[in-house]
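What follows is a single structure, written as structure tokens, with notes after it.
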Amino acid sequence: MIRSLHIFAALLFMLPQFLSAQECLSSITIQLKNIRGGVFANQSVTLTAKSDGRSFSQKSNSNGVATLSVPCEQVFSIVITNYTRRKEIVSGSEGENITQTLTYEPDMAAKDKLFEMSATEKAAVDGFVKTLPDTIEAGSGMPRPKQIEYYARVDIAIVDINDKPLENEALSIMGEKRHKKVKGTTGMNGHLVVYLPKGDNYYISFKYNKNYISKEFEYSKGTSQGEMTFAYLGTREIERRKKIEAERIAAEEKRLKEEAAEFEKKCKKLGISVEEGRKREVREWVTSMSSAHDTVVSAVLNRNKWLEKLIVCDLTGSMSPYAAQLAAWYQLSWLNEKNLQFVFFNDGDNKPDNLKRIGSTGGIYYAASKGIDSLFNTIAKVAANGGGGDCPENNMEALIKGQTLARPYKELVMIADNHAPVKDLVLLKDFNVPVHIILCGVNNEIMTDYLNIARKTKGSIHTMEEDITRLAAMSEGQEIRIGRNTYRIMGGEFIKISKA
């Protein structure tokens, strides 16, 4: 018995090591070279993950090399004791090693200190900047200012999603501290050269993307130069996509209204209420489930053993087949599910679209787990009370209000219509509960609204084929391939960058 307890204790001691071993790991090698010859040994090298703040440290060996084991496919900031520049590096896939060589002067930190401005010099810069106009029109380039020692010359280079120069792109650059703005347009080579007063952090904004990217230009003596090189979808491409999406949504709304009218006509002919019609419809879908090709809801719920779930389900538009899948899964599983709860939403209970307000659209219903008949009745009631009206749905409102209606739970699951945009995505900034999103109706393309919700809440996306769980670890510029499409984080948001 004592021997068994010793073995059990040893296993408990080893458990954290065992669990960490299950994490996907790669390695990053940093080599430190002296520009005057030789290497930098015994320097502390620290990598900090931008996704969750975890740090990994090691000292460089006699060859100036530090190799660190880190999680896969994450962006890390690099901090080295005798190196003062800001650097980032992206780790590779499982087992892969990524190498970065840094070559610099041994007195880099001392030289930087020599170029630091005194408090008096900083005050002189601040006083000068106050005399400048609030907005400067730079056009396609700024002339060199007379007080050049107060400015950083900044070359802004922008490429599109195909890495080609983004020409004739209008942008504005705003100082965070002093609120001085420079407006300009890139040339044929995708570049714009501007002069920005030192001692401020500057945000670049576009017509459709505010505060897209930022960079700080510190107070420093003498002349100063900097670069801002990045990719952007481009205003023309955004407007092209918006037009295509508007046409798709108009066609979808027309189809849904015609289907709803036809369904009401059918119910009237049968002499039953719309609610009774919806109940029969869901039951019919349940009985035909064995021949269905798309069983995403039941497939995802069966392969992910989430405990004590709060399931938030869209019941607008064409979601009846997926509500039926939920009912079919529930019929087989509900006795084994502890503390299972539901929230259903229909985007406003047939409220006129012009009366819908972000955060108070309504049409949100809570239901505890009370058996299949009770679930059928709730689904029918919610579906009958509203078909959604316009195509975009109030997903965020449903998540937020659903939490207030529900008892304590462990996992939040949302069943969402991949064809419907999220109308109230602005509410995401104040929501931080991880959401597992089951996407219904995915053919080739995933709507990026749901990728952004999953990433920002540290949740996940689930399709018929995939469980996509690493979104939260992704950072600016990283890409993920889902199905036949590739998505990249640009300006903090997922953007589709490949055609199906």
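Within the stretch 58-76, the only residue that satisfies the criterion of being touching a Lys or Arg at 6+ places or on another chain (Cβ under 9 Å), without any contact (Cβ under 8 Å) to a residue 40 or more places away in the chain and part of a strand (DSSP E or B) is ALA66.
Scanning the stretch 152-164 for residues that are within 11 Å of LEU192 (Cα to Cα), surrounded by 15 or more Cβ atoms within 10 Å (Cβ to Cβ) and not small (Gly, Ala, Ser), we see that the one that is farthest from the chain's Cα centre (by Cα) is ARG153. Restricting attention to the stretch 23-41 and to residues that are at negative phi and not hydrophobic (A, V, I, L, M, F, W, C), the residue that is modelled with the lowest pLDDT turns out to be GLU23.
Consider the stretch 424-482 and keep the residues that are under 11 Å from the mean Cα position of the chain (by Cα) and farther than 22 Å from ASP52 by Cβ. The one that is surrounded by the most Cβ atoms within 10 Å (Cβ to Cβ) is ASP449. With respect to (1) part of a strand (DSSP E or B); (2) touching a residue at least 24 places away in the same chain (Cβ under 8 Å), the lone exception for ARG85 is condition (2). Out of all the residues in the stretch 354-362, is one or more basic (Lys, Arg), over 18 Å from THR463 (Cα atoms), within 27 Å of the chain's Cα centre (by Cα) and assigned by TED's automatic domain parsing to the domain that holds THR463? Yes, the stretch 354-362 contains at least one residue that is basic (Lys, Arg), over 18 Å from THR463 (Cα atoms), within 27 Å of the chain's Cα centre (by Cα) and assigned by TED's automatic domain parsing to the domain that holds THR463. In this structure, SER44 qualifies as surrounded by 10 or more Cβ atoms within 10 Å (Cβ to Cβ), over 30 Å from LEU471 (Cβ atoms) and modelled with pLDDT of 95 or more. Of the residues making up the stretch 43-57, those that are part of a loop (DSSP other than H, G, I, E, B) and closer than 22 Å to GLN478 by Cα number 5. Evaluate the stretch 406-414: report whether one residue or more is under 16 Å from the mean Cα position of the chain (by Cα) and modelled with pLDDT of 95 or more. Looking for residues that are under 16 Å from the mean Cα position of the chain (by Cα) and modelled with pLDDT of 95 or more, one finds none in the stretch 406-414, hence no. For the stretch 483-500, a residue qualifies if it is surrounded by fewer than 17 Cβ atoms within 10 Å (Cβ to Cβ) and either in contact with a strand residue (DSSP E or B) (Cβ under 9 Å, 6 or more places away or on another chain) or among the small types (Gly, Ala, Ser) (or both), and the qualifying residues are GLY483, ASN485, THR486, GLY492, ILE497, SER498, LYS499, ALA500. Taking the condition among the hydrophobic types (A, V, I, L, M, F, W, C), closer than 30 Å to PHE342 by Cα, in contact (Cβ under 8 Å) with a residue 60 or more places away in the chain and not in a strand (DSSP E or B), does VAL286 pass? Against the criterion (among the hydrophobic types (A, V, I, L, M, F, W, C), closer than 30 Å to PHE342 by Cα, in contact (Cβ under 8 Å) with a residue 60 or more places away in the chain and not in a strand (DSSP E or B)), VAL286 does not qualify. For the stretch 357-384, give me the residue count where each residue is touching a residue at least 40 places away in the same chain (Cβ under 8 Å) and surrounded by fewer than 21 Cβ atoms within 10 Å (Cβ to Cβ). Total satisfying the criteria: 6. On the stretch given as the stretch 65-87, residues that are exposed (fewer than 12 other Cβ atoms within 10 Å of the Cβ) and either within 25 Å of the chain's Cα centre (by Cα) or at positive phi (or both) total 1. Just one of the listed residues (LEU102, LEU171) is among the aliphatic types (A, V, I, L, M) and under 25 Å from the mean Cα position of the chain (by Cα), namely LEU171. Checking each residue in the stretch 308-324 for being of a type in the set (Gly, Ala, Ser) and either in a helix (DSSP H, G or I) or surrounded by fewer than 24 Cβ atoms within 10 Å (Cβ to Cβ) (or both) picks out SER318, SER320, ALA323, ALA324. Go through VAL442, VAL343, VAL382, VAL413 for me and flag whichever is in the same structural domain as LYS257 (by TED's automatic domain parsing), assigned to a loop (DSSP other than H, G, I, E, B) and among the β-branched types (Val, Ile, Thr). That would be VAL442, the only listed residue that is in the same structural domain as LYS257 (by TED's automatic domain parsing), assigned to a loop (DSSP other than H, G, I, E, B) and among the β-branched types (Val, Ile, Thr). With within 28 Å of LYS177 (Cβ to Cβ) and loosely packed, with under 14 Cβ neighbours inside 10 Å as the only criterion, which of SER57, SER118, SER62 stands out? When all the criteria are applied, what remains is SER118.
Could you tell me which of the residues GLU237, GLU262, GLU258 is touching a residue at least 60 places away in the same chain (Cβ under 8 Å) and either in the same structural domain as MET319 (by TED's automatic domain parsing) or under 27 Å from the mean Cα position of the chain (by Cα) (or both)? Exactly one of GLU237, GLU262, GLU258 is touching a residue at least 60 places away in the same chain (Cβ under 8 Å) and either in the same structural domain as MET319 (by TED's automatic domain parsing) or under 27 Å from the mean Cα position of the chain (by Cα) (or both), namely GLU237.
When the stretch 330-350 is filtered for residues that are among the charged types (D, E, K, R) and within 29 Å of CYS391 (Cα to Cα), the ones remaining, listed by number, are ASP347, ASP349. Annotation: VAL300 fulfils all but one of (1) outside any helix (DSSP H, G or I); (2) in contact with a strand residue (DSSP E or B) (Cβ under 8 Å, 6 or more places away or on another chain); the unmet one is (1). With respect to GLU281, is the statement that it is touching a residue at least 24 places away in the same chain (Cβ under 8 Å), surrounded by 14 or more Cβ atoms within 10 Å (Cβ to Cβ), touching a Ser or Thr at 6+ places or on another chain (Cβ under 6 Å) and part of a helix (DSSP H, G or I) true? Here the answer is yes, as GLU281 does meet what is asked.
The values are calculated or read from the model by the stated rules, or taken from the named source; none is laboratory data. Note that this is a predicted model, so its numbers are computed, not measured. Note that each Cβ is placed from the backbone with ideal geometry, even for glycine, and that neighbours are counted across all protein chains shown.
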